[in-house]
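Here the structure comes first, spelled out in structure tokens, and everything after it is commentary.
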Amino acid sequence: MRKVEVVSYREEWACMFKEEANKLNRVFRNELITIHHIGSTSIKGLKAKPIIDIMPVVKDINKVDHFNSEMTDLGYEILGENGISGRRYFQKGGNNRSHHVHIYEYQNPEIERHLAFRNYLRVHESDLKAYGDLKGKLAKMFPNDIGSYISGKEKRVQEIEERALIWYKNSKS
């Protein structure tokens, strides 16, 4: 059973991302455009499940499937689109997950959504604190129920995401 654990921010998460990004760079080579650290572990000061979320951006999403054996060799489980069209999703660590990899083809709108959310929380401390506190509370309420944990934070995530996308688009102009 997968336990829901939310912990205080850890400096080591940035190093864990860099180490795994180097491995992914060697796997995807010329197909890769860039790799982003996303999710709560990418936001200094935010409470998070200790799972590193990584978002490689590739030239052609359909070519990602050719690298499945190399991803398996790195310890990843291959989950295809896993509910999001145009994505390739991999996870590592089974019930004690350590990494999630969300791969998108360049210009997929999901890329902007992830980056907007991350960048917004990096500079909006009150939203960061409120979101972190909610995650901590939900993890205590639902330590053995990841579905209820996710459902409990869904509305807050949508609210932050709406503000973040507006902020992100305005900050680029």
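Among residues of region 112-149 being open to solvent by 80 Å² or more (accessible area, probe 1.4 Å) and of a type outside the set (Gly, Ala, Ser), the one that is farthest from Lys172 (Cα to Cα) is Asn144. Among the conditions (1) under 13 Å from Val6 (Cβ atoms); (2) at pLDDT 95 or above, Ile146 misses just one, which is (2).
Taking residues in region 85-108 that are on the phi < 0 side of the Ramachandran plot, and partners anywhere that are open to solvent by 50 Å² or more (accessible area, probe 1.4 Å) and acidic (Asp, Glu), the pairs with Cβ atoms closer than 8 Å and at least 6 places apart or on different chains are Arg87/Glu81; Arg88/Asp65; Arg88/Glu81; Tyr89/Glu81; Phe90/Glu77; Gln91/Glu77; Lys92/Glu77. Any residue in region 87-94 that is aromatic (Phe, Trp, Tyr) and in contact with a strand residue (DSSP E or B) (Cβ under 7 Å, 6 or more places away or on another chain)? Checked region 87-94: at least one residue is aromatic (Phe, Trp, Tyr) and in contact with a strand residue (DSSP E or B) (Cβ under 7 Å, 6 or more places away or on another chain). When Ile52, Ile38, Ile33 are checked against the criterion of being modelled with pLDDT of 95 or more, open to solvent by 30 Å² or more (accessible area, probe 1.4 Å) and either closer than 12 Å to His114 by Cα or in contact with a Phe, Trp or Tyr (Cβ under 8 Å, 6 or more places away or on another chain) (or both), Ile33 stands alone in meeting it. No other residue among Lys23, Lys44, Lys63 is assigned to a loop (DSSP other than H, G, I, E, B) and surrounded by fewer than 20 Cβ atoms within 10 Å (Cβ to Cβ) apart from Lys44.
The values are calculated or read from the model by the stated rules, or taken from the named source; none is laboratory data. Given the structure is predicted, the values throughout are model-derived calculations rather than measurements. Every residue, glycine as well, gets a Cβ built from its backbone with ideal geometry; the counts of neighbours run over all protein chains shown. The protein model used for the area step is the full one, side chains on, heavy atoms only, and it has no ligands, DNA or RNA in it. Shrake-Rupley method; radii C 1.70, N 1.55, O 1.52, S 1.80 Å.
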